[in-house]
Structure formats: structure tokens, C-alpha cells
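The values are calculated or read from the model by the stated rules, or taken from the named source; none is laboratory data. Everything quoted here is computed from the prediction, not taken from an experiment. A quick note on method: Cβ atoms are made from the backbone with ideal geometry, for glycine too, and the neighbour counts reach across all protein chains shown. Just so you know, the surface numbers come from the protein's heavy atoms only, side chains and all, with ligands and any DNA or RNA stripped out. Shrake-Rupley method; radii C 1.70, N 1.55, O 1.52, S 1.80 Å.
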Amino acid sequence: MGDLETESIIKSDSDAVIFDDIVNVAGKDTQMVLIANGIKLINLKDKISKKEEANIGRFLEWRDVISASKDPKSTGKKTLWILNYIHHGSKSILHHRCLKVHDNNGNSDRLITAIQEQCSKVVGRPKKLFVLINPIGGAGRGRHIYQKAAESLFKLASVETHVVVTEKSKHALEIGETHDFSHYDGIVIVGGDGLYQEFLQGLTIQTQKKSGINYDDPNAELSKLNIPIGIIPAGTGNGATGLVNGVNHAETAVLNIIRGEQHRGQIFIVHSGSEFLCVSALIFSYGMFSDMIKRTEELRWMKRARYPYALIGMLFKKRRLFQAELQYRLKLEDEDARERNGQGEQQKSEWITHKNETKNYNCIYTVPCELVDAGDHNILDPFGSHVMLVVGSGCSHVAIFKSFMDLSLGKKRNSTSSNLEFIDRVTDFRIKVLRDEQGGSERISGARARKIALEHLVDIDGEVIHLKSLDMTVRMQPSFTLLYGIKKINSFVQV
């Protein structure tokens with residue numbers, strides 16, 4: 001539900017009353033009714049101002065109630081206590097708000113106890129969280145963002161936290177793969193897309209090992225993750241948190257974790273040859289984008305300026321073509337897949353070979369989100385069941401980048417390039433890079449050596465990963481992760 005809504009919206013004779021009392025809010029006597037669905041505030045005066053309407057005459061769902069407690073500074077005959085709640089603003093932004101309540105009848109202790117008890121019953125609300133912070137990601141403000149945006153709110157919501165700060169490269173991967181999370185209700189990532197991807201990969205490996213699954217097998221049926229993950233943005237790239245929260249905003253991410261609403265998201269599992277390579281939660285790209293990310297790594301001395309510099313350089317650089325065989329599978333339309341198997345798995349087509357006589361490509365990319373038509377714009381849904389595969393077979397770098405921006409911003413496709421294709425409803429795809437053997441084992445030119453090196457790199461969530469083999473298999477895993485966030489995303493956040 002949105003912000004506190006008017007009492008008339010929730011009138012229902014079937015609402016079971018938990019507690020009913022007269023309190024004073026904003027100087028007005030107000031009836032506070034605790035019911036099964038939440039808290040009703042009914043002003044007892046016939047006429048109230050718009051300013052007073054901002055605090056009284058409303059309804060709060062229990063999911064949006066954080067806590068209730070006595071004001072330690074309260075003095076006088078009437079006890080003052082505080083009701084902490086979540087305000088739903090525009091564009092999916094959430095804020096912490098509090099309502100000052102004066103006790104008229106000496107029932108403050110009973111009211112506070114009843115409210116706290118109902119808050120503890122909210123489905124999915126965590127009581128104990130494992131928090132992982134990257135102290136150097138982004139502008140190195142991970143600790144500060146956590147302390148400012150999360151620490152006090154978790155305490156206010158009676159959420160116990162165990163905080164771990166990463167200390168070395170791949171530490172998040174190690175923690176995800178080896179730490180025992182069975183004593184926690186959820187996991188919080190304080191960082192960017194790189195930290196999330198690294199931890200998610202480790203947790204995926206741990207889950208498969210515990211289930212006895214050979215995750216090196218590209219055709220293995222993997223065990224899903226069953227502990228919810230929340231992402232507080234504190235990195236250079238924060239696309240993942242924007243997707244699941246509808247906005248890139250630290251306080252919103254924290255409050256969505258406290259609300260406890262959880263949904264299952266899809267990711268990619270990537271294999272290189274016959275071995276597991278990685279997971280991808282935000283973008284898979286081979287070709288132009290992986291070349292650009294590699295360039296940004298070479299320019300780390302430029303700090304944040306390296307990203308626009310590398311992008312501009314890439315847009316006007318000569319295209320690097322690679323020869324490959326591309327195959328993909330599609331999710332069948334419901335009318336074509338009338339029967340579902342006993343596990344309710346989606347039905348897929350046979351492998352389809354992409355038609356390209358020259359076998360020349362310069363970029364193949366996708367994001368693990370379903371493209372949803374919302375009329376005049378599109379929405380990327382991270383909780384979907386198939387993806388859009390974008391294939392560049394010799395088009396300009398500008399056309400590829402524009403297609404990515406249009407996809408990110410929810411714009412309708414308007415590309416007229418015959419060498420840029422959009423393949424919808426893709427569930428899995430395979431790329432086999434065809435190597436020519438020019439030069440054999442003899443000396444090769446520097447340009448040729450660099451091309452061979454670039455052919456062994458793939459962009460995973462904004463980081464370049466070295467390929468063990470030039471045969472890649474990418475499988476979408478629907479409903480694989482469990483994430484704190486919102487299901488309905490009203491506007492897309494750029495990845």
C-alpha cells in the first residue's frame with residue numbers, strides 16, 4: 001500500500017479488533033484501532049485541516065509499521081510515545097517517519113506491547129541478518145552508508161545484525177561459499193554490483209555442494225537459493241539494487257528489507273566448456289562491452305573518469321569482429337506448451353542456430369530480466385522467466401550502445417540496422433568462438449595477440465572474467481534467488 005491512507009478505504013466489518021483506545025495526535029483526540037491488517041487512526045472531530053490530515057485519519061499496514069516505543073524525553077501527565085512507520089513516496093522511494101502520540105487514558109504500555117507483537121508477526125520480516133560490507137567499492141563509503149542509512153533503522157526494528165567487512169580480493173566469494181548462514185533470516189549486501197555478483201556466486205556454489213549437485217554440468221538441475229538477500233547501494237555500479245527496489249536509494253533498500261517482502265528473481269549460470277564459470281545477475285556481454293570494460297581496468301589511474309573516457313573511445317573505435325556459432329532456445333508460448341511437467345517447469349524449444357552466413361559478430365549481450373510491454377514504454381522485470389538477446393553482427397558501436405540505453409531506459413526499439421537483432425523469449429544460449437590459426441605457434445603481431453586475449457574475456461555484471469574455453473553456455477535460472485524488494489516496478493532504473 002502507499003503512504004498512510006484514509007480510514008474510509010479500509011472499512012470492513014470483518015476486521016478483528018486487537019486494541020482500541022483514544023489518544024492525542026497533533027493536538028487532536030484520535031481513535032487508534034489495532035486490527036488484523038494494521039492500525040486505523042480516526043479523528044474524532046468533524047473538521048480537520050489539511051496539515052492535520054497529514055497525521056490523522058489514516059491507515060497503516062503492519063508491514064509498514066517499524067516499531068513503537070516510549071519517548072525517553074517524555075515529561076508531564078500524558079506519556080508521549082513514538083510510532084515509527086514507513087512512508088511510501090513517489091517513484092518507489094521509501095522514508096522513515098514517526099508519529100508522536102500522547103497517552104490519554106494510561107494505556108500506552110499496552111498499546112506499545114500490542115504493536116510490537118504485531119510487528120514481530122509480519123511474514124518475512126527478519127530478526128537476525130548477516131551484513132557484508134565492501135569498504136573500498138565506489139567512493140569507499142560502504143561503512144559510512146551502512147552506519148547512516150541502515151544501522152539505526154535495523155536497531156529501531158529490533159533486527160539483530162552480524163557485520164563482516166571484506167578484507168581482500170574475492171573475500172565475498174569465499175564468505176558466500178564457506179560461511180554457515182543457517183542461523184540468519186537474511187543476508188544484506190552493502191556495496192555495488194560486483195560485490196553482489198561475487199557473493200551470489202559463492203552462495204550458489206555452497207548450495208549446490210550441500211545438495212550434491214555437479215554444478216560443472218551445464219545440464220544439471222540446480223538447487224535454488226532459499227535465504228533472502230537485500231542489496232544496499234554503495235558501489236560504482238548499483239543496477240541490481242535499482243532493479244529489485246525500483247530505485248537506487250539506500251534508505252529505500254533498508255526499509256524494503258525491514259518490510260520483509262520477498263520475491264524470486266532470475267539469474268544466468270555461465271559455463272565455459274565443461275566447467276562452471278560464474279553467475280550473472282545483471283548483464284552478460286561478449287564482444288564490444290567486454291572490450292570496453294577491459295579498457296576501463298587498464299585506466300584505473302583515472303578513477304571514475306575512466307568510464308566515460310573508455311566509452312567515448314570505444315564508440316569511435318574500429319569494430320573488432322569475431323567469428324562464432326550462436327545457438328539459443330526459446331520459451332514456448334503457453335498455447336504451444338499446453339502440458340507442464342510435474343515440477344511445473346517451463347517448456348523450451350529445441351536449440352535454434354542463428355542465421356549468419358559470415359559468422360561475424362561484434363557484440364552479443366543480454367540482461368537477466370524479462371522485457372514487459374507497458375504501452376508507451378518497456379519495463380525490465382528481474383522476476384520474469386525469459387530474456388531478450390541482442391545480437392550485433394557487424395553494426396556500429398553507436399547502434400549497440402544506443403540499443404542498450406533504450407533497453408535500460410524502457411524505450412521502445414527503433415533500430416533499423418539489419419545487423420542488429422533482438423531475439424525475445426530466450427531461455428538459454430550457446431556461443432562457440434571460431435578461432436583461425438593464423439601464425440600457428442610462430443610469432444604473431446601485437447594486434448593479433450591482443451585480439452586473442454580479448455577473445456578470452458567476457459563481461460559479467462560490469463567485470464571482465466577470463467574464459468577457460470571459447471565455448472560458452474548461458475542458462476537462465478528462473479526463480480533462483482530470493483530477494484528483498486518490490487514485485488511491481490513502476491518505472492525502470494538504469495542498469
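For this structure, a couple of remarks:
- Criterion violated by His179 - all others in (1) of a type outside the set (D, E, K, R); (2) in contact (Cβ under 8 Å) with a residue 24 or more places away in the chain; (3) within 23 Å of Gly239 (Cβ to Cβ) satisfied: (3)
- Matching residues, the stretch 138-166, being assigned to a loop (DSSP other than H, G, I, E, B) and over 22 Å from Leu83 (Cα atoms): Gly138, Ala139, Gly140, Arg141, Thr166
- Search result, residues across the stretch 212-227 that are hydrophobic (A, V, I, L, M, F, W, C) and open to solvent by 30 Å² or more (accessible area, probe 1.4 Å): Ile213
- Boolean, Thr252 is hydroxyl-bearing (Ser, Thr, Tyr), surrounded by 24 or more Cβ atoms within 10 Å (Cβ to Cβ) and in contact with a helix residue (DSSP H, G or I) (Cβ under 6 Å, 6 or more places away or on another chain): yes
- Filter result for Glu221 (touching a helix residue (DSSP H, G or I) at 6+ places or on another chain (Cβ under 8 Å) and farther than 27 Å from Glu251 by Cα): no
- Selection over the stretch 346-370 of residues that are part of a loop (DSSP other than H, G, I, E, B) and of a type in the set (Ser, Thr, Tyr) gives a count of 2.
- Failed criterion for Gln262 (all others in (1) of a type outside the set (Asp, Glu); (2) under 12 Å from the mean Cα position of the chain (by Cα); (3) open to solvent by less than 30 Å² (accessible area, probe 1.4 Å) hold): (3)
- Test for Arg306: is it open to solvent by less than 30 Å² (accessible area, probe 1.4 Å), without any contact (Cβ under 8 Å) to a residue 60 or more places away in the chain and not in a strand (DSSP E or B): yes
- Test: residue in the stretch 371-379 that is buried (at least 17 other Cβ atoms within 10 Å of the Cβ), of a type outside the set (Lys, Arg) and free of Cβ contacts under 8 Å to residues at least 60 places away in the same chain: yes
- The residues of the stretch 87-109 that are over 34 Å from the mean Cα position of the chain (by Cα) and exposed (fewer than 14 other Cβ atoms within 10 Å of the Cβ), listed by number, are Asn105, Gly106, Asp109.
- In the stretch 364-380, the residue that is modelled with the lowest pLDDT out of those that are in contact with an Asp or Glu (Cβ under 9 Å, 6 or more places away or on another chain) and under 16 Å from Phe429 (Cβ atoms) is Leu371.
- Hits in the stretch 276-295 (condition: open to solvent by less than 10 Å² (accessible area, probe 1.4 Å) and in contact with a Lys or Arg (Cβ under 9 Å, 6 or more places away or on another chain)): Gly287, Met288
- Conditions (1) at pLDDT below 95; (2) over 26 Å from Pro135 (Cβ atoms); (3) open to solvent by 30 Å² or more (accessible area, probe 1.4 Å): number failed by Gly246: (3)
- Among the candidates Ile352, Ile267, the residue that is touching a Pro at 6+ places or on another chain (Cβ under 6 Å), of a type in the set (A, V, I, L, M, F, W, C) and modelled with pLDDT of 95 or more is uniquely Ile267.
- Among (1) over 26 Å from Arg430 (Cβ atoms); (2) modelled with pLDDT of 90 or more; (3) loosely packed, with under 13 Cβ neighbours inside 10 Å - the single one Arg338 does not satisfy: (2)
- Within the stretch 122-142, being within 19 Å of Gly186 (Cα to Cα) and open to solvent by 10 Å² or more (accessible area, probe 1.4 Å) holds for Val122, Val123, Gly124, Arg125, Lys127, Lys128, Asn134.
- When we screen Gln208, Gln201 for residues that are in contact with a strand residue (DSSP E or B) (Cβ under 7 Å, 6 or more places away or on another chain) and either of a type outside the set (A, V, I, L, M, F, W, C) or outside any strand (DSSP E or B) (or both), the only hit is Gln201.
- Residue list for the stretch 211-236, filter: part of a loop (DSSP other than H, G, I, E, B), within 21 Å of Gly142 (Cα to Cα) and touching a strand residue (DSSP E or B) at 6+ places or on another chain (Cβ under 9 Å): Pro228, Ala234, Gly235
- Residues satisfying the stated conditions in the stretch 266-275, i.e. out of contact with any Leu (no Cβ under 8 Å at 6 or more places or on another chain) and either β-branched (Val, Ile, Thr) or surrounded by 23 or more Cβ atoms within 10 Å (Cβ to Cβ) (or both): Phe268
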